[in-house]
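The values are calculated or read from the model by the stated rules, or taken from the named source; none is laboratory data. Since the model is a prediction, treat every value here as computed from it, not as a measurement. Methodologically, a virtual Cβ is constructed for each residue, glycine included, from the backbone with ideal geometry; neighbour enumeration extends over all protein chains shown.
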Amino acid sequence: MKSDEVAELFDQAVQRLRSVIESGDSDDGSDLLRRAADSGAAAVGLAVGRLSDPDRVVRAAACDLLGATSSLHMDLREKVATALILLAAHESDPEVHWSVARALGDTFDARALPTLVALAGSPDADVRFQVAVAVPAVLDDPPEAAGEAVLIDLCADSEPEVREWATFGLGWVSTADGDAVRQALWDRTQDTHPEVRAEGARGLARRRDPRALPLVRDLLAQDEVHRFTFQAAAYLADPSLLPLLDGFDPGVDAVAEALRECDPLLRAQRDESAWLLLHAVHRRRPDLEVAVFGERCDLGLYLDVTDDADLSGHCWVDGLLRRAGNDPERAADLVIADVTSA
């Protein structure tokens, strides 16, 4: 795409965005910006040049274009994040702040965290919402203390949508744990909005916190049960949930997962298959180091295969066994082939 075509699309998007800001229209020109973003470096060059425009709508649209380009071109994310961080250091308009926060989330750049933490203090609820959405995307694993702290603060925001996304980010996207994290999630289980309560329960369950069990029981007894509740049940892996789960369709993935994790017999069969798989790999390749392990914030078991050089493989045991028709011997052949051909 030629630079003049990119500029034309951008100018059209600016006019649409202006209508949104000034009169509440719903078409913000995102489709035009996505087309312009296809050009990659040309789009970034144009957008960076417009970040200093005196018109706030132009600056906001430039941020939106940078975010769209970052979503499509991973190689440009570092440059995009740098430009947005520099802009945010002296930008004062909340409309531009909104676009900065959203675009920074699209960069997945950890350097964006201090900027997002600063924007979390905005009096504008829409800006805080975008921060709640963006922060989990830029967090390392485990997250920095500042990232954990800002999500905890946003979990108690006055706006329910901000609380919901912050609770989702803290409890489900992030693996942060500790007394402060669990207290924030527990507090949200008492929220006045059901979506926030469900996120709080799911976040606690993911950390295997026993306080989530009665909450999940109550949620499973409701007329309508969200898939988040089945996920929470799976993490708790408590047999007392089986009678409540039996009434749901086991053909639904989330239900099947919860039934499998809560049933001690099925878990034992899975663990036995994982053990047989480990031994089968070792018999075939005694030169390899093989380990089976589980993560607190993940379901199921994982298999690691390494040697003393640069050979390594990591896979989800349940998925590998399904590929092999639940035959550990066949699964051993598959994982060795996967690792050695990588």
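Just a few scattered comments:
- Check on Asp64, in contact (Cβ under 8 Å) with a residue 40 or more places away in the chain, within 30 Å of Lys2 (Cβ to Cβ) and not β-branched (Val, Ile, Thr): yes
- At least 2 residues being touching a Leu at 6+ places or on another chain (Cβ under 6 Å) and buried (at least 21 other Cβ atoms within 10 Å of the Cβ) is the threshold, and among the helices (runs of 4 or more DSSP H) wholly inside segment 54-161 those reaching it are 56-72, 77-88, 94-107, 125-138, 145-155.
- Candidates in segment 56-82 are the residues that are charged (D, E, K, R) and in contact with a Lys or Arg (Cβ under 9 Å, 6 or more places away or on another chain); of these, the one that is farthest from Phe108 (Cα to Cα) is Arg59.
- Restricting attention to segment 82-100, the residues that are among the aromatic types (Phe, Trp, Tyr) and closer than 10 Å to Arg56 by Cα add up to 0.
- Filtered by the rule that a residue be over 23 Å from Asp238 (Cβ atoms), acidic (Asp, Glu) and either in contact with a Lys or Arg (Cβ under 8 Å, 6 or more places away or on another chain) or without any contact (Cβ under 8 Å) to a residue 24 or more places away in the chain (or both), segment 192-206 gives no residues.
- Residue within segment 275-294 that is closer than 18 Å to Ala324 by Cβ and among the small types (Gly, Ala, Ser) present: yes
- Flag if Val48 is out of contact with any Cys (no Cβ under 9 Å at 6 or more places or on another chain) and either in a helix (DSSP H, G or I) or under 17 Å from Asp124 (Cβ atoms) (or both): yes
- Within segment 273-287, residues that are touching a residue at least 40 places away in the same chain (Cβ under 8 Å) and more than 12 Å from Arg330 (Cα to Cα) sit with their Cβ atoms under 7 Å from residues that are of a type outside the set (S, T, N, Q) and part of a helix (DSSP H, G or I), at 6+ positions apart or across chains, in these pairs: Ala274/Val317; Arg285/Ile336.
- Filtered residues of segment 262-277 (kept if at pLDDT below 95 and of a type in the set (Asp, Glu)): Asp271
- Any chance Ala237 is more than 19 Å from the chain's Cα centre (by Cα), at pLDDT 95 or above and at positive phi: yes
- Test for Pro194: is it under 28 Å from Pro136 (Cα atoms) and either basic (Lys, Arg) or modelled with pLDDT under 95 (or both): yes
- Qualifying residues in segment 292-333 (those that are hydrophobic (A, V, I, L, M, F, W, C), at pLDDT below 95 and over 25 Å from Ala258 (Cβ atoms)) - the one nearest to the chain's Cα centre (by Cα): Val305
- Meets criteria (buried (at least 18 other Cβ atoms within 10 Å of the Cβ), in contact with a helix residue (DSSP H, G or I) (Cβ under 8 Å, 6 or more places away or on another chain) and of a type in the set (D, E, K, R)) for Asp28: yes
- Considering only residues in segment 162-187 that are among the small types (Gly, Ala, Ser) and assigned to a helix (DSSP H, G or I), the one that is nearest to Arg111 (Cα to Cα) turns out to be Gly169.
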